[in-house]
Amino acid sequence: MAEIVVIAGEVQRTWQFLENLFIHSEEVKKELPKESEKFVSIDKEVKRILGDAVAKSYALVYCDQDWVLPAFEQVEADLRICEKALNEFMESKRTAFPRFYFVSPADLLDILSNGSSP
């Protein structure tokens, strides 16, 4: 049960961070179309897994299912792939515009995702 709680927290944090970028940012969708499509399927899977947790309403009942931990592990691996692609995208922007090296990753993502509306 502890493993599931830990991995669920990690998945939710990463998913929440990436959701705004891959779902709501046109710049990221344009630059990373393959990863954006992959994230849409990840988004559905995370919502399915967490929806089942809500439906069960008891942590012990939910965590006792055999499929929960492997599902979270697969989603976590898929999120890492999307995160890696996003980091490579940011690095390419930093290479093109060296002043971005002085901007934090969160601020750079904000700049890139809202570039058309300063």
Worksheet item: Of the chymotrypsin sites (Phe, Trp or Tyr not before Pro) in the range 29-74, which ones lie in a loop per DSSP and count no more than 13 other C-beta atoms within 10 Å?
Response: Tyr58, Trp67
Worksheet entry | In nm, spacing of pseudo-spin labels at Glu19 and Glu83 (7 Å Cα→C-beta vector) | 1.6
Worksheet, complete the sentence: Relative contact order as a percentage, the chain, C-alpha pairs under 8 Å and 6+ apart, gives 35
Discussion item. On C-alpha positions alone, give me the angle between the axis of helix 2-24 and the longest principal axis of the chain, in degrees, nearest 10.
Written reply: 40
Worksheet entry | Estimated FRET transfer efficiency (Arg48, Met90; beta-carbon r; R0 30 Å; 0.05) | 0.55
Discussion item. Taking R0 as 35 Å, what FRET efficiency do you get between Phe102 and Leu69 from their Cβ-Cβ distance, rounded to the nearest 0.05?
Written reply: 0.30
Response to the item:
Distribution output for the chain: share of Cα-Cα pairs per 5 Å bin in percent, first bin at 0, values 2, 11, 21, 20, 15, 11, 9, 7, 3, 2, 0
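Only the coordinates and a few stated rules stand behind these numbers; no lab work does. Quick caveat: nothing in here was measured; it's all calculated off a predicted structure. Note: ideal-geometry Cβ built from the backbone for every residue, glycine included; neighbour counts use all protein chains shown.
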